[in-house]
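Engineer: Mind having a look at this structure? Questions to follow.
The values are calculated or read from the model by the stated rules, or taken from the named source; none is laboratory data. What you see is a predicted model; the values in this text were computed from it and never measured. A quick note on method: Cβ atoms are made from the backbone with ideal geometry, for glycine too, and the neighbour counts reach across all protein chains shown. The area values use the complete protein model at the heavy-atom level, side chains included, leaving out ligands, DNA and RNA. Shrake-Rupley method; radii C 1.70, N 1.55, O 1.52, S 1.80 Å.
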Amino acid sequence: MSTAESQVSLAVSTVIFALRPSASGEPELVLPLVRRIREPYEGQWALPGGPLNSNEDLAEAASRTLLETTALEPRYLEQLYAFGQLDRSPDDRVVSIVYWALVAGDEADRAIQSENVQWFTADNLPELAFDHNLIVDYALWRLRTKLEYSRIAHGFLGETFTLAQLREVYEVVLRKPVDPGNFRRMVEASGTVVATGERLAGTPHRPPQLYRYNTSIDLTDQGPLSRLSAPRTLASTRGDNS
């Protein structure tokens, strides 16, 4: 069947980033992949996703397919790009609307793990199905670029955190050390975090201050697109922008 005659299908996929301990105990940037159980690319790893139903919003479809394949409900979910190259699928023409998501470590621990769902180091992936290696490369570029000027690092953390934990997110994602003093001044001047008045328990020395995300500031600025109605997801029930 020629490209002109083939059916065009719409799908939604999601790149989900989390920080989890490596074999050495150091945090690393990881993402879950699912093993395909049918052709094309049967047996190869791929991003979580599925077909878009005619009666659901794009973000709804992304949330649904994530929940069905990995049991994850991310706090941060944003549309990444539309991938629709003519040769990206060996069968019918498939256009994928791709989202990217961030989950905290405790949320990531609740993900389904089986022989068909596993976590992989983001910078060291096997050959994936379709064009999913390219998609992950683009998502990594977007994450690292956006981390430099936005507040999305909080998507990797729990409700409260120390400045050292927040700085660790930057260091792991950007793959470079960050000066603690300069980082503290930058964060405190940004107004994106608020001191809780509490301190981290169980530390041998003076316990560090705990902070929380300033909920009056959105994780991401969608501009005029913020006026679009969004599906009610776990993130929206928490007051986070998805």
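Engineer: Given the conditions (1) open to solvent by 40 Å² or more (accessible area, probe 1.4 Å); (2) touching a strand residue (DSSP E or B) at 6+ places or on another chain (Cβ under 6 Å); (3) within 30 Å of P51 (Cβ to Cβ), report the number of the one that V194 does not fulfil.
Structural biologist: For V194, the failing item is (3).
Residues are listed down the side, and each one gets a yes or a no for (1) of a type in the set (A, V, I, L, M); (2) modelled with pLDDT of 95 or more:
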{"residue": "Y99", "(1), (2)": "no, yes"}
{"residue": "V103", "(1), (2)": "yes, no"}
{"residue": "D109", "(1), (2)": "no, no"}
{"residue": "T121", "(1), (2)": "no, yes"}
{"residue": "N124", "(1), (2)": "no, yes"}
{"residue": "A129", "(1), (2)": "yes, yes"}
{"residue": "V136", "(1), (2)": "yes, yes"}
{"residue": "A139", "(1), (2)": "yes, yes"}
{"residue": "T145", "(1), (2)": "no, no"}
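Engineer: Just to be sure before I move on: is E188 more than 16 Å from the chain's Cα centre (by Cα), modelled with pLDDT of 95 or more and either surrounded by 13 or more Cβ atoms within 10 Å (Cβ to Cβ) or closer than 18 Å to Y99 by Cβ (or both) in the structure I sent?
Structural biologist: On the way: more than 16 Å from the chain's Cα centre (by Cα): yes; modelled with pLDDT of 95 or more: no; either surrounded by 13 or more Cβ atoms within 10 Å (Cβ to Cβ) or closer than 18 Å to Y99 by Cβ (or both): yes.
Considered against the rule, which asks whether it is more than 16 Å from the chain's Cα centre (by Cα), modelled with pLDDT of 95 or more and either surrounded by 13 or more Cβ atoms within 10 Å (Cβ to Cβ) or closer than 18 Å to Y99 by Cβ (or both), E188 comes out as no.
Engineer: Keeping to the range 1-36, report how many residues are modelled with pLDDT of 90 or more and not in a loop (DSSP other than H, G, I, E, B).
Structural biologist: So the count comes out to 22.
Engineer: Can you name the residue in the range 68-89 that is under 12 Å from I16 (Cα atoms) and among the charged types (D, E, K, R) and, of all such residues, is surrounded by the fewest Cβ atoms within 10 Å (Cβ to Cβ)?
Structural biologist: Only one residue tops the list, namely E73.
Engineer: To continue, here is another question. Anything in the range 112-153 that is open to solvent by less than 20 Å² (accessible area, probe 1.4 Å) and under 23 Å from E68 (Cβ atoms)? List them, or say none.
Structural biologist: Scanning the range 112-153 gives V117, A122, L128, A129, H132, I135, V136, A139.
Engineer: Is it the case, given these coordinates, that E42 is open to solvent by 30 Å² or more (accessible area, probe 1.4 Å), of a type in the set (D, E), assigned to a loop (DSSP other than H, G, I, E, B) and touching a Leu at 6+ places or on another chain (Cβ under 6 Å)? Steps first, answer last, please.
Structural biologist: Numbers: open to solvent by 30 Å² or more (accessible area, probe 1.4 Å): yes; of a type in the set (D, E): yes; assigned to a loop (DSSP other than H, G, I, E, B): yes; touching a Leu at 6+ places or on another chain (Cβ under 6 Å): no.
No.
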